[in-house]
Amino acid sequence: MAKNKNNQAIWNTRIQKEASNLFQKVGNSIDVDKRLYKEDIQGSIAHVEMLFRQKIISFKIKNKIIYGLNKIYKEITHKKFEFNKKYEDIHMNIEKRLFQIIGDEAGYIHTARSRNDQVITDFKIWIKTATKGINNNIDKVIKSTIKLAEKNVETIMPGFTHLKNAQAISFGHYLMAYVEMFNRDKKRFLNNLDNLDESPLGVAALSGTSFNIDRNFTSKKLGFKRPTNNSIDTVSDRDFVLDFLYAVSVCSMHISRIAEELIIWNSDGFNLINLSDKVVTGSSIMPQKKNPDLLEYLRGKTGASYGNFFSMLTILKGLPLSYFKDLQDDKELVFNSNDTLINCLKIFDEVLKNCSANKKKMLELANTGHIAATDLADYLVKEHNLSFRKAYQKTAAIVNMAEKRKKNLNELTLHELKKIEPKLTEEVLNIFELKNSINSKKSFGGTSFDNIRKMIIKYKKTK
Ligand code: ARG
């Protein structure tokens, strides 16, 4: 019989020497996985209720264990619980304390389970809750993005390809592009829950158990759709961790892309957006500086999220089935990615609330680079029956002429335009008005002001 003296490891009958000091220091995970205490206690309560229903433990023992677990829960929430590195992780810390509170009957709690199924049960429940937290924060970002878009439906700016002026767009349309991305991010997080929603509890170490347990009961009790099918897969699987880390990486990447654009547009070279003093920082030497550090923070943190995702992929790459200590690192990666993303979403929301368009500059820049060239080509197709390729060539010749004469397209006279296409009339000059260009893009999903307004209304309704 194991003695279970409280200053000793559970396995002290078999392993008679204490773990080396160094290993005790680095091999434990309590500082990280104590965040799972709530889920661990919830899982244990469901487990002992099931053990009682299946007549594996008595009513009295079940009640004693639940009493002890509730007491531990209170101790931890009131910060009166002493976590001990010596007991490795949250599971052993709680079990050890249970012995202190209710005595030897605590020894029944671990019947028909292992830490291998226990830890993933806790972790899956935790990820479900974290997903809700992340999506709430994405919602806030979506709301702020829509608000800024609403103020900028008619703000004309150059849309870029290759960072060269390409076609005129509305700044509102640009912002609504990110609303699409953030909505997909939300969906990605939610879709992950579909695969995750199977309860690991009861597969024990790796092969199942000889006790007559009821996995459907614990699965239902813990809010899972069904129990997992294969005990070996269950304790080895960390796909759900990868899914989460990938979803964080993608969301982070979206934030990083817009952060990068705002950094460029905030530069003195572009000067397309203004950031209020709340979201910039100064320089220690250059008194004039207002730097977009927060945006840079967002772009930088994406690297950490990718790192966590790749760490997990690498941990799993050569790992045979089933449980290995290597897997213990999964929680640190997930907690770090989760916390980082929540911070980034909050910071980004703050930036959005403190960002405004420099409308004059946007329009000025949009009026350079012969941005209405495609509109002119389209006009030649529609009004003068040219094939698109022919119209493209004529327009290119007009652009060449403008460039040679050091003029913008919209500065050419009708007389000059007619040299290349004699059929042109006064009407063509409207084509160079960027507002007309934008409003001609009425195709579904295009940048016309009406389209943007409709999208904004649609998203405000679904929220
Ligand atoms: N702290 C461990 C982890 O997170 C729990 C599972 C331990 N299982 C084991 N066989 N050592 O991975």
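Summary table below
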{"read-out": "Wholly within segment 329-442, helices (runs of 4 or more DSSP H) carrying at least 3 residues that are of a type outside the set (Val, Ile, Thr) and within 16 Å of the ligand (Cβ to nearest atom)", "value": "330-353"}
{"read-out": "Selection count, segment 219-230, where residues are in contact (Cβ under 8 Å) with a residue 40 or more places away in the chain and surrounded by 16 or more Cβ atoms within 10 Å (Cβ to Cβ)", "value": "3"}
{"read-out": "Options GLU49, GLU95, GLU82: the member that is without any contact (Cβ under 8 Å) to a residue 12 or more places away in the chain and either within 20 Å of PHE335 (Cα to Cα) or of a type in the set (Asp, Glu) (or both)", "value": "GLU82"}
{"read-out": "Some residue of segment 275-284 being surrounded by 17 or more Cβ atoms within 10 Å (Cβ to Cβ) and part of a strand (DSSP E or B)", "value": "yes"}
{"read-out": "Qualifying residue in segment 232-242 (condition: touching a residue at least 24 places away in the same chain (Cβ under 8 Å), assigned to a helix (DSSP H, G or I), buried (at least 23 other Cβ atoms within 10 Å of the Cβ) and under 22 Å from the mean Cα position of the chain (by Cα))", "value": "yes"}
{"read-out": "Total residues in segment 170-183, condition assigned to a helix (DSSP H, G or I) and either without any contact (Cβ under 8 Å) to a residue 24 or more places away in the chain or polar (S, T, N, Q) (or both)", "value": "4"}
{"read-out": "Meets criteria (modelled with pLDDT of 95 or more, touching a Pro at 6+ places or on another chain (Cβ under 8 Å) and within 23 Å of ILE457 (Cα to Cα)) for ILE156", "value": "no"}
{"read-out": "Count of segment 318-328 residues which are surrounded by fewer than 18 Cβ atoms within 10 Å (Cβ to Cβ), within 16 Å of the ligand (Cβ to nearest atom) and not basic (Lys, Arg)", "value": "5"}
{"read-out": "Subset of segment 92-136 (residues that are in a helix (DSSP H, G or I), within 21 Å of SER199 (Cα to Cα) and among the polar types (S, T, N, Q))", "value": "ASN116, GLN118, THR121, THR129, THR131"}
{"read-out": "Qualifying residue in segment 291-301 (condition: closer than 30 Å to ARG35 by Cα, in contact (Cβ under 8 Å) with a residue 24 or more places away in the chain and touching a strand residue (DSSP E or B) at 6+ places or on another chain (Cβ under 9 Å))", "value": "yes"}
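So that you can scan it fast, the table gives a plain yes or no per residue for (1) among the basic types (Lys, Arg); (2) within 14 Å of the ligand (Cβ to nearest atom); (3) within 17 Å of LEU36 (Cβ to Cβ); (4) free of Cβ contacts under 8 Å to residues at least 12 places away in the same chain:
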{"site": "LYS64", "(1), (2), (3), (4)": "yes, no, no, no"}
{"site": "PHE99", "(1), (2), (3), (4)": "no, no, no, no"}
{"site": "HIS110", "(1), (2), (3), (4)": "no, yes, yes, no"}
{"site": "GLN118", "(1), (2), (3), (4)": "no, yes, yes, no"}
{"site": "LYS124", "(1), (2), (3), (4)": "yes, yes, yes, no"}
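Yes or no, residue by residue, for (1) within 16 Å of the ligand (Cβ to nearest atom); (2) closer than 30 Å to PHE224 by Cβ; (3) outside any helix (DSSP H, G or I):
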site: ALA9; (1), (2), (3): yes, no, yes
site: GLU18; (1), (2), (3): no, no, yes
site: PHE23; (1), (2), (3): yes, no, no
site: ARG35; (1), (2), (3): yes, yes, no
site: GLY43; (1), (2), (3): yes, yes, no
site: HIS47; (1), (2), (3): yes, yes, no
site: ILE61; (1), (2), (3): no, yes, no
site: GLU82; (1), (2), (3): no, no, yes
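The values are calculated or read from the model by the stated rules, or taken from the named source; none is laboratory data. Values in this document were obtained by computation on a predicted structure and should not be read as measured data. For neighbour counting, all protein chains shown are included, and Cβ atoms are generated from backbone atoms with ideal geometry for every residue, glycine included.
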